[in-house]
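Presented below is the structure to which this report refers.
The values are calculated or read from the model by the stated rules, or taken from the named source; none is laboratory data. What you see is a predicted model; the values in this text were computed from it and never measured. All Cβ positions, even for glycine, are placed from backbone atoms using ideal geometry, and neighbour counts span all protein chains on display.
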Amino acid sequence: MKPKSLTIILILTILVQACNLPSSTQVTETPTVTVEPSATPPLPTETPTQTPLPTDTPPPTLTSTPTIPIAFPKDVAVNCRFGPGTAWIVLSGLQIGQSSQIVGRSGDFNWWYIVDPLNASRNCWVAASVVNTAGNLNGIPTVAAPVASVINVTVKVDPKERNVAGCIGPIPTSKIEGTIEVNGPGTVKWNFDTQQLGALPSQSTDFDAAGSKTFTAEFTPLLVAGTYWVRMVVTSPNNTQGETTYKINC
């Protein structure tokens, strides 16, 4: 045989013998653990519950929103004034639980012009800050503030009576005292007037708010027996007057 063939035969023989050798790798078997199922606990018995039948519930009461605009006090009674501001005289009031129709507003929206709660034939002003409103407020007209006026004039003379023997002088002076009351801020023109001596000089007085002021003057009556009038005459913003009398006895 040729040397090459012998070499091949030798290699094949070695390979066959190697395949018959025992393996050095050991395989360890993992034991299988069988888990016994535990006993299943009995299911709880359901206790049926009684579902109460629904009771008849009355439907909620619907409060209708008024279409007419109204004002009502927030938490305390409020004043209703002659004009839109605290400088104006109080005409009446809006009590808790009362409401009144809104018929106008101030230009700055701070005051509502409402129907007077105590006299439906006239209107008055309430501050918007102290009332709530309801109803349709659209289209409420702007109302101008009124012009203040003199609402009362009183006058008196001191002394009311003089006794002069024989009407022979001299005669002491007399004092006139007059009071003017206004319902709001404004300027008043006025003067005293006497039956014996005629009118005294005209005066002009400013009022910052509703209220009254008192004025005085002195004059010397004529020594003529009789009863004579004295007046306090207002010429602006309205015409009004107060009158009293004094008497001279001789």
Which residue out of Pro170, Pro159 is within 30 Å of Tyr246 (Cβ to Cβ) and without any contact (Cβ under 8 Å) to a residue 12 or more places away in the chain? Pro170
Counting only residues that are within 26 Å of Gly186 (Cβ to Cβ) and either touching a Lys or Arg at 6+ places or on another chain (Cβ under 9 Å) or not assigned by TED's automatic domain parsing to the domain that holds Glu181 (or both), give me the strands (runs of 3 or more DSSP E) lying completely in region 62-125 with at least 3 of them. 78-81, 90-94, 100-105, 111-115
Selection count, region 148-192, where residues are under 13 Å from Phe207 (Cα atoms) and either acidic (Asp, Glu) or over 52 Å from the mean Cα position of the chain (by Cα) (or both): 1
Please enumerate the residues belonging to region 127-171 that are in a loop (DSSP other than H, G, I, E, B) and in contact with a strand residue (DSSP E or B) (Cβ under 8 Å, 6 or more places away or on another chain). Gly135, Leu137, Ile140, Pro141, Val143, Val147, Ala148, Ser149, Pro159, Lys160, Val164, Ile171
Any residue in region 89-104 that's closer than 11 Å to Val131 by Cβ and without any contact (Cβ under 8 Å) to a residue 60 or more places away in the chain: show its pairings with residues that are buried (at least 18 other Cβ atoms within 10 Å of the Cβ) and of a type in the set (S, T, N, Q) at Cβ separation under 8 Å, as long as the two are six or more apart or on different chains. Leu94/Ser100
